[in-house]
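To start, the structure itself, in structure tokens.
The values are calculated or read from the model by the stated rules, or taken from the named source; none is laboratory data. Just so we're clear, the structure is a prediction, and the values are computed from it rather than from any experiment. All Cβ positions, even for glycine, are placed from backbone atoms using ideal geometry, and neighbour counts span all protein chains on display. These accessible areas exclude ligands, DNA and RNA; they are computed on the full protein's heavy atoms, side chains included. Shrake-Rupley method; radii C 1.70, N 1.55, O 1.52, S 1.80 Å.
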Amino acid sequence: MKAITTFKRYLSLKTAKWSAERGAACTYIAESIWRLTPEEQVSLVRQERQERRETDDDQHHDDNDEEVTSEDIMSLIESWFVRGTQEAEKYRDPYLALANWYTVQNEFDLGWETLISSLYITEKDPIYLVTERAWSFGPYQDLAKILLKNQTTTPVWKSNLNAETQYQILYQLGLHYIEQNRWSEAQEIFLEAWNLAPYHLEPLYRLMEHYYFTQSSRVAYMFGLQGRELMLFEEASMYSFWSDDEIYKYKFGDVFSVVAGFLRDFENGKMAAERALKNAPLAERERIASNLQLFETLLKESSSSSSSSSSSSSSSSSSSSSSSSSSPE
């Protein structure tokens, strides 16, 4: 309650003119009321009624005696969330907070519209009140959550959305399906996302990773080959959010090198391991470097066997023995 009083006092100051801070204050008030006990919420509604009586020339002189309903409490919380978007209309965070409120209340259409509105805010102000989530995967993750909760919107949700926005929502939806162990649906969604935006590596990585862990190396290898060229493109990560940077930096190359090794594609295995090693974190470097060394050894043995026809049979046997006793990991 003290926090609410403090934020209200701030908003009443003549010097409180910064829109971002005013919007944040309104959002904090809404979230604070949301977390109060029912008794405290009722008390606050009565307090707000009293404040209106004092400022509106007694126009609401009877409402303070009326019973406080749950609708009154919900309306009060919503009004502060909405005011947050009005005070800070050029900032995304209040919109995400309002959309979350609507989603929790099962007001899915309002939540969807609010999140889409946030995406029309395209100029990021680098201030302390701006969260990275609001400017990366956050809106798309929240839109995907609405699709999961409100299946009735699924057939029509793509209307009026560009391909990149559709891709981001689909990718987040696929991640949600993975969390729920709904792989067949996740695979369908990732493939649709990749077809929409083939310059994104993330869906291919999720598909390859799944089949690698389920020991379906040939299928994993197929998806790895699809992303091979994009993996080598140094600027490809410009299309990703910070949360997926590691996929571009080393994870895709790391997994692809291993599945390529399983299928004796040592050239691609070596190339992918080299790419992964460039940006791999310290904890992974020794393992990836060991894989790279193994590929180099296997390629030398293979080259030696092909250049010496007189000893091709024994060299081939030696290469086969080496590859079967050692494999990338």
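Before moving on, here are some points about what is shown:
- Fraction of accessible area attributable to carbon and sulfur, the chain (%, probe 1.4 Å): 48 percent
- Looking at segment 109-145, the GluC sites (Glu not before Pro) that sit in a DSSP loop and have at most 11 other Cβ atoms within 10 Å of their own Cβ are E123.
- For segment 79-146: rounded, prolate or oblate by the Cα gyration tensor [a/c cutoff 1.5]: oblate
- Cubic angstrom per residue, convex hull over Cα atoms of the chain: 173 Å³
- Axis angle, to the nearest 10 degrees, between helix 202-213 and the longest C-alpha principal axis of the chain: 60 degrees.
- Subset of K249/K270; K278/K300; K8/K90; K17/K145; K17/K124; K90/K149 violating a 25 Å alpha-carbon distance limit: K17/K145; K90/K149
- Extreme residue, positive dipole direction of the chain, given options N181, V45, Q293 (C-beta unit charges): Q293
- Relative to the dominant Cα principal axis of the chain, helix 2-12 is inclined by about 70°.
- In the full protein context, the chain carries 54 Å² of accessible surface per residue, based on a 1.4 Å probe and ignoring ligands, DNA and RNA.
- Rounded tilt (10° steps) of 312-325 against the dominant C-alpha axis of the chain: 30 degrees
- Spin-label model, Y128 to S19: label points 7 Å out along the Cα-to-beta-carbon direction sit 2.1 nm apart.
- Placing unit charges on the Cβ atoms only, positive for Lys and Arg and negative for Asp and Glu, gives the chain a dipole magnitude near 1440 debye about its Cα centre.
- Within the straight-line cut-off of under 13 Å between alpha carbons, the aspartates and glutamates reachable from K158 are E113, E192, sequence neighbours fewer than 8 places apart in one chain being disregarded.
- Listed residues N291, N268, N181, most fluctuating in the chain (Gaussian network, C-alpha, under 10 Å): N181
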